[in-house]
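Student: Sharing a structure below in structure tokens format, with a few things to ask.
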């Protein structure tokens, strides 16, 4: 975030002071605009972390304002230097950036690393330290693009806000060289052409990538460069209206002033109206803050423009400390919440959010006064520009090394909790495969209906024996569990590792030979169909398939239920057309090569594009899809089990309760929910499909549902089983499935 102010005119100005003590050419309206931008961001984050109903839902667009301001100021600085000196001094430019940006950022990084190392839970500590190291190297945005959805993370990193600094610093690294080339002969014309090209290319990339991956588009420079370039183009065009007749110039200024007031109003409305939970961002929506920022800067110096409001002292004060306030407020929110509410990240109370927001203001003021200003104004002696840059790079590397050291320490501490576990779940050995059953007769309207002329089929006998019930534990410490605590968060099922789980862009199941499991040469073919919840129980189903010698093929895609209701993809924040296409292709595949058995499992949480979501409607939709399955295919639904909940990350809880994992059990009423199983039961009743219910296995007894059962960590996050635990479900699945198949086989041969 740049805070050096330059005049809108392209002419170089002297450093003389006005009577007010301000530098000539200083833009108090831009300072006020930065104040509004940082206030939006702080209010958004306060509401986000407190889940307040009064949250400024679109306040995150304050960062877009900073991008435009940075592009305007930096490009103006470079173009004026090129016109004044005939060249651009890279060493002086980067030395100014080091003096301006690095001191406060380094202090915040070091403090945040130290405090995080003390208060962040063990399971999250290593990742947090890696975030800090990436932030020190100005690549936090690249890391978060690969790991974190800004609007829907599993947990909030105290370094998350460094993503925007990464974008700006990458811009600073590239733009001076491009400017030097573009402005070689005709500084302003060449720069303008280059900026237009950047705007067009970057905005097009923004539109395309937002539709495919909003998180990637949100974080990366190529999809944000157009906003920086928009500010830069304004700086290049500054003074271009001076050639107009005076009357036209006056009329143009009034029109721009009016547009500026409209922009300010639109900005305020957008900050309160944009709903990040349903609208993909940045995309076309980012035009609102970007165009508004351009108009506010362009009109800010006009006597009748919105600069009248932007120059008010509260906005200017916040603008003065905006860089420090941006740096400090987020770690104060996140780490302050952990200190106040315990090691597991819980929503802040509204009162706490207000108090922490207020605390960040004096902290930022001290940071501005004691760190920013001394380095920025040159009160602290520094070597010549080239050495300042080298020193800055060295400091960045040192801080990154500190973060890496903390990372290794956290990994060692986590390894000390338990012995290393295998990367993949070690599935239980199975008994000798049972006889492969013959294909079953056509599916009846109900399990008890008979089929005239059907051939007898062999009995379906469970091929897996239940594991012996272990003795009561003598300790409830997390040490000694399987998978180990560190391995639990990445204890994925085999289809995940093999690329057989479809992600957002997938539109048809994989036909790869590696996506065939169980007995690859088996004659009885089983398809497991569903979303990531179905994928999570795959290890148990695979145990059954191997025990019976069945061929098992997964048709699995995240967030994609087997339904004919149009769905919204919560990550893409738009209609999930890929899911609709996937289901169409799944049905085509099932009809082209009917399996003997179809197992369906999916999350109880659906996100319809329009209309009300109800278990009855969902059940009817699932039933309609099952009706399109080939009549020769038996269908069994595996009911979604009781889940910890969308806000309870089990490994995080375990890392905060290392001495007693019972503290991470979750209430049965929350795990079951008000409609658990309703959809599956309705679909089974309507179609005659079988139903497997694993509730009693996953949540035994009448007490709370456990997070650890028989020495095994059950959940890798809030709603997905660890592959290690899912493999232990094999006997329970086998027992119920064989009972269903045996009942159908008996009904099929029963005389009419």
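None of the figures in this text is laboratory data; all of them are computed from the coordinates on show. Just so it is clear, the structure is predicted and the values come from calculations on it, not from any experiment. Heads up, the Cβs are rebuilt from the backbone with ideal geometry, glycines too, and the neighbour counts pull from every protein chain shown.
Student: Over region 62-104, consider all pairs of different Cα atoms and compute the Kirkwood hydrodynamic radius from their mean reciprocal separation; express it in Å, one decimal. Could you put the intermediate results ahead of the total?
Tutor: Values: mean 1/r = 0.0874 Å⁻¹.
Result for region 62-104 stands at 11.4 Å.
Student: Run the numbers on the chain and let me know its relative contact order in percent, using alpha-carbon pairs under 8 Å that are six or more apart. Don't skip to the answer; put the middle values down first.
Tutor: On the way: 1386 pairs, mean separation 115.8, N = 752.
Relative contact order of the chain: 15 percent.
Student: Out of all DSSP beta bridges in the chain, what portion is antiparallel? Express it as a percent rounded to 5.
Tutor: 30 percent
Student: Could you tell me how far the Cα centroid of region 148-209 sits from the Cα centroid of region 98-147, in Å?
Tutor: If you average the Cα positions of each part, the centres end up 21 Å apart.
Student: Can you give the Rg and Dmax of region 448-586 based on its C-alpha atoms, in angstrom?
Tutor: Both quantities, over Cα of region 448-586: 19.1, 60 Å.
Student: In whole Å, how far is the Cα centre of region 567-591 from that of region 390-416?
Tutor: Taking the Cα centre of region 390-416 as reference, the centre of region 567-591 is 43 Å away.
Student: Taking 8 Å as the Cα distance limit and 6 or more residues as the minimum spacing, I'd like the relative contact order of region 325-372 as a percentage.
Tutor: Result for region 325-372 is 49 percent.
Student: Give the angle, between 0 and 90 degrees and rounded to the nearest 10, that separates the Cα long axis of helix 225-237 from the longest principal axis of the Cα atoms of the chain.
Tutor: 20 degrees
Student: Could you sort the peptides 123-129, 408-414 by per-residue average Cβ neighbour count (10 Å cutoff), highest mean leading?
Tutor: Going from most to least packed, we get 123-129, 408-414.
Student: By per-residue mean of other Cβ atoms within 10 Å, what is the highest-first order of 56-67, 663-674?
Tutor: Highest-to-lowest ranking by the protection proxy: 56-67, 663-674.
Student: While we're looking at this one, here's another question. Could you work out [θ]222 nm for the chain from helices alone, using -39500 (n - 2.57) per DSSP H run of at least four and dividing by all its residues? Round to the nearest 500 deg cm²/dmol.
Tutor: My calculation for the chain gives -17000 deg cm²/dmol from helical runs alone.
Student: Can you sort 150, 281 from fewest to most other Cβ atoms within 10 Å of each residue's own Cβ?
Tutor: 150, 281
Student: Now for a separate question. Of all beta bridges DSSP finds with both residues in region 600-739, what is the antiparallel percent, to the nearest 5?
Tutor: Among the beta bridges of region 600-739, antiparallel pairing accounts for roughly 50 percent.
Student: Length gain on complete extension for the stretch residue 340 to residue 291, per 0.36 nm per residue less the alpha carbon to alpha carbon distance?
Tutor: Fully extending the segment from residue 340 to residue 291 adds 13.6 nm.
Student: Hey, what did region 245-345 get for relative contact order, percent, Cα under 8 Å, at least 6 apart?
Tutor: 30 percent
Student: Right, next: Over all distinct alpha-carbon pairs, what is the Kirkwood Rh of region 617-744 in angstrom?
Tutor: Hydrodynamic radius (Kirkwood, Cα pairs) of region 617-744 is 16.0 Å.
Student: Give the shape of region 220-345 as rounded, prolate or oblate, defined through the alpha-carbon gyration tensor: a ≥ b ≥ c are the square roots of its eigenvalues, a/c under 1.5 means rounded, and otherwise the shape is prolate if a/b is larger than b/c and oblate if not. Don't jump to the answer; show the numbers that get you there.
Tutor: Numbers: a/c = 2.44, a/b = 1.94, b/c = 1.26.
Prolate shape, in that a/c is at least 1.5 and a/b is the bigger ratio.
Student: To continue, here is another question. Work out how much length residue 505 to residue 471 would gain on full extension: take 0.36 nm times their residue separation and subtract the Cα-Cα distance, in nm to one decimal.
Tutor: Extending this stretch completely gives an extra 7.6 nm.
Student: Additional query: What's the angle, to the nearest 10 degrees (0 to 90), between helix 538-548's Cα axis and the longest principal axis of the chain?
Tutor: The two axes meet at around 30 degrees.
Student: Computed FRET efficiency, Cβ-Cβ of residue 240 and residue 351, R0 51 Å: what is it to the nearest 0.05?
Tutor: In this case the efficiency is close to 0.50.
Student: Helix 90-119 sits at what angle to the longest principal axis of the chain, using alpha carbons and giving 0 to 90 degrees rounded to 10?
Tutor: Rounded to the nearest ten degrees, it is 40.
Student: Right, something else. How much length is gained on full extension from residue 585 to residue 196, taking 0.36 nm per residue of separation minus their Cα-Cα distance?
Tutor: Using 0.36 nm per residue and subtracting the Cα-Cα distance, I get 135.8 nm.
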